[in-house]
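Engineer: One structure follows; several queries about it will come next.
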Amino acid sequence: MNFVGRAEIIESIQSRIAEDNMSLCVVYGPHRSGKSYVASQLVRRHKALYLAGGRMANESVHVADMNRALEARFVPTDDQDKFEPVDSLHQAFVGLFESSVKTPQTVVIDDYPSIVEAVPQFPIHLRDLLDTYKDTSRLNIILMANGLEQLDGRIIGERSLIGPFVSEYFEVKPFSLVDMKSLGLHYAKDDLRTVFAVTGGLPAYVQYFDNGESIDTNIINLFFSVSGALFEETQNILHRDMKNITGANAILSGLATLERPYYVELLQASQIKSGTFTSRLNDLMSMGGLVGRIQANSRGPAKYADYHFTNSMFHFWYRYVYKYWG
């Protein structure tokens, strides 16, 4: 599949790496938009270290991952030289910054917000290292996240500790309708619009469509068949990013039946307690690229905002699949 727009992002980051200075880049975009493709290419081309995120992981898991990656790169200088594992992410990054003074290094941190949740002090340590080594380091750090909402206060904004060190932001966008034409799908324009609507233009979903079958057959096989590749995709995404998805399902189901409801209307449609509703709605908003809010200043506070899906695949799934899913 032609990953439209991803090559440009990779080339831009490679240009930063080629400058042979310390750099901190941020790559963001919704689930399944192609961030992993960008990460894999950078890891392959630059032998970059890769630190995976994961909402259920704690620091010990991340440290174990880092040790495996560091040990795989370890080259002993003599028979007595042995790999010494690190005990914390802080220790690992101290070593990376120190070694980058002599040899350029690249590290990709996937799902950076989840790393911060697991290790809250990590941004403090990272800021201090960035400041200490700003004139001598040749470490290139690429942070990844799902959306700007996840980055607020962690990377960007007045509350950010490391924001001043960010060299550039790169957005991995879903395919546009124009992009869809270059993917090799042999469908008429209206059918391509349907593919775009039910997949949100996300390449990982578009690639499941079979040119040899009609649009209707593809949708039935992918979304309405128990064995379909996208039958449980929304639930998988929610489970990945949220600890309790019951309330989230109720909110998203209510949102699918209403046209840009106000806060109170969505609360009533979801039929859950107000405290749980507020918490789950905030969780959904922070995921990025899923639920949006349009604030009407003339109507006052957030409860008078319009809420809507920003991911059309989720909109389709909750409107047409969820009520029959059980």
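Engineer: Just checking, does region 282-291 include any residue being of a type in the set (Asp, Glu) and either touching a strand residue (DSSP E or B) at 6+ places or on another chain (Cβ under 6 Å) or modelled with pLDDT of 90 or more (or both)?
Structural biologist: If we filter region 282-291 for residues that are of a type in the set (Asp, Glu), which is where we start, we get 283.
Retained after the next criterion (residues that are either touching a strand residue (DSSP E or B) at 6+ places or on another chain (Cβ under 6 Å) or modelled with pLDDT of 90 or more (or both)): none.
So far as region 282-291 goes, no, none of its residues is of a type in the set (Asp, Glu) and either touching a strand residue (DSSP E or B) at 6+ places or on another chain (Cβ under 6 Å) or modelled with pLDDT of 90 or more (or both).
Engineer: Taking region 18-47, which residues are surrounded by fewer than 21 Cβ atoms within 10 Å (Cβ to Cβ) and of a type outside the set (Lys, Arg)?
Structural biologist: Result: Ala18, Glu19, Asp20, Asn21, Leu24, Ser36, Tyr37, Ala39, Ser40, Gln41, Val43, His46.
Engineer: Can you name every residue in region 102-120 that is open to solvent by less than 50 Å² (accessible area, probe 1.4 Å) and not in a helix (DSSP H, G or I)? Walk me through it before giving the result.
Structural biologist: Narrowing region 102-120 to residues open to solvent by less than 50 Å² (accessible area, probe 1.4 Å): 105-116, 118-119.
Those that are open to solvent by less than 50 Å² (accessible area, probe 1.4 Å) and not in a helix (DSSP H, G or I): Gln105, Thr106, Val107, Val108, Ile109, Asp110, Asp111, Val119.
Engineer: Residues in region 187-200: is at least one of a type outside the set (Val, Ile, Thr), modelled with pLDDT of 85 or more and in contact with a Phe, Trp or Tyr (Cβ under 6 Å, 6 or more places away or on another chain)?
Structural biologist: No, region 187-200 has no match at all.
Engineer: Follow-up question, since we're still on this one. With respect to Val75, determine if the residue is more than 30 Å from Asp283 (Cβ to Cβ), of a type in the set (Val, Ile, Thr) and at pLDDT 90 or above.
Structural biologist: No; evaluated as a whole, the condition is false for this residue.
Engineer: Take Ser99 and tell me if it is among the hydroxyl-bearing types (Ser, Thr, Tyr), outside any helix (DSSP H, G or I) and either more than 22 Å from Met285 (Cα to Cα) or out of contact with any Lys or Arg (no Cβ under 8 Å at 6 or more places or on another chain) (or both).
Structural biologist: Details: among the hydroxyl-bearing types (Ser, Thr, Tyr): yes; outside any helix (DSSP H, G or I): no; either more than 22 Å from Met285 (Cα to Cα) or out of contact with any Lys or Arg (no Cβ under 8 Å at 6 or more places or on another chain) (or both): yes.
So Ser99 does not fit the description; no.
Engineer: Among the residues of region 45-91, which ones are among the small types (Gly, Ala, Ser), over 21 Å from the mean Cα position of the chain (by Cα) and either within 25 Å of Gln14 (Cα to Cα) or not in a helix (DSSP H, G or I) (or both)?
Structural biologist: Matches in region 45-91: Ala69, Ala72, Ser88.
Engineer: Out of the residues in region 126-157 meeting the condition of being part of a helix (DSSP H, G or I) and of a type in the set (A, V, I, L, M, F, W, C), tell me which one is most open to solvent (accessible area, probe 1.4 Å). Steps first, answer last, please.
Structural biologist: Residues of region 126-157 part of a helix (DSSP H, G or I): 126-132, 148-151.
This time we only want the ones that are of a type in the set (A, V, I, L, M, F, W, C), so: 126, 129-130, 148, 151.
Working: Leu126: 1, Leu129: 18, Leu130: 1, Leu148: 75, Leu151: 0 Å².
My answer is Leu148.
Engineer: Here's another thing I want to ask about it. Restricting to region 243-269, name every residue that is among the charged types (D, E, K, R) and either more than 16 Å from Leu290 (Cβ to Cβ) or open to solvent by less than 40 Å² (accessible area, probe 1.4 Å) (or both).
Structural biologist: Once the filter is applied, which keeps residues that are among the charged types (D, E, K, R) and either more than 16 Å from Leu290 (Cβ to Cβ) or open to solvent by less than 40 Å² (accessible area, probe 1.4 Å) (or both), region 243-269 yields Lys243, Glu259, Glu265.
Engineer: Now, a different point. Limited to region 284-298, what total is found for residues that are touching a Lys or Arg at 6+ places or on another chain (Cβ under 9 Å) and open to solvent by 50 Å² or more (accessible area, probe 1.4 Å)? Break it down stepwise before answering.
Structural biologist: As a first pass, look at region 284-298 and keep what is touching a Lys or Arg at 6+ places or on another chain (Cβ under 9 Å): 285, 294.
Narrowing further to those that are open to solvent by 50 Å² or more (accessible area, probe 1.4 Å): 294.
Total satisfying the criteria: 1.
Engineer: Same structure again: From Pro174, Pro123, Pro164, grab the single residue that is surrounded by fewer than 17 Cβ atoms within 10 Å (Cβ to Cβ) and on the phi < 0 side of the Ramachandran plot.
Structural biologist: Details: Pro174 fails: surrounded by fewer than 17 Cβ atoms within 10 Å (Cβ to Cβ); Pro123 fails: surrounded by fewer than 17 Cβ atoms within 10 Å (Cβ to Cβ).
It is Pro164.
This table checks each residue for (1) of a type in the set (S, T, N, Q); (2) under 30 Å from Gly292 (Cβ atoms); (3) in contact (Cβ under 8 Å) with a residue 24 or more places away in the chain.
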{"site": "Asp128", "(1), (2), (3)": "no, no, no"}
{"site": "Leu139", "(1), (2), (3)": "no, no, yes"}
{"site": "Met144", "(1), (2), (3)": "no, yes, yes"}
{"site": "Gly147", "(1), (2), (3)": "no, yes, yes"}
{"site": "Gly153", "(1), (2), (3)": "no, yes, no"}
{"site": "Arg159", "(1), (2), (3)": "no, yes, no"}
{"site": "Ile162", "(1), (2), (3)": "no, yes, yes"}
{"site": "Phe165", "(1), (2), (3)": "no, yes, yes"}
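Engineer: If Thr234 satisfies every condition in (1) modelled with pLDDT under 90; (2) open to solvent by less than 60 Å² (accessible area, probe 1.4 Å); (3) in contact with a helix residue (DSSP H, G or I) (Cβ under 8 Å, 6 or more places away or on another chain) but one, which is the exception?
Structural biologist: Of everything listed in (1) modelled with pLDDT under 90; (2) open to solvent by less than 60 Å² (accessible area, probe 1.4 Å); (3) in contact with a helix residue (DSSP H, G or I) (Cβ under 8 Å, 6 or more places away or on another chain), Thr234 misses just condition (1).
Engineer: From the list Ile124, Ile115, Ile109, Ile142, pick out the single residue that is modelled with pLDDT of 90 or more and over 24 Å from Ser15 (Cβ atoms).
Structural biologist: Step by step, each of Ile124, Ile115, Ile109, Ile142 is checked, and only Ile124 is modelled with pLDDT of 90 or more and over 24 Å from Ser15 (Cβ atoms).
Engineer: Looking only at region 30-87, count how many residues are among the β-branched types (Val, Ile, Thr) and touching a residue at least 60 places away in the same chain (Cβ under 8 Å).
Structural biologist: Kept after step one, since they are among the β-branched types (Val, Ile, Thr), are these residues of region 30-87: 38, 43, 61, 63, 75, 77, 86.
Going one step further and asking which of them are touching a residue at least 60 places away in the same chain (Cβ under 8 Å), we end up with 38, 43.
Total meeting the criteria: 2.
The values are calculated or read from the model by the stated rules, or taken from the named source; none is laboratory data. Only a predicted model underlies this, so the values are computations on that prediction, with no experimental measurement involved. In this analysis, Cβ positions are derived from the backbone assuming ideal geometry, glycine residues included, and neighbour counts consider all displayed protein chains. Ligands, DNA and RNA are excluded from the accessible area calculation, which covers all protein heavy atoms including side chains. Shrake-Rupley method; radii C 1.70, N 1.55, O 1.52, S 1.80 Å.
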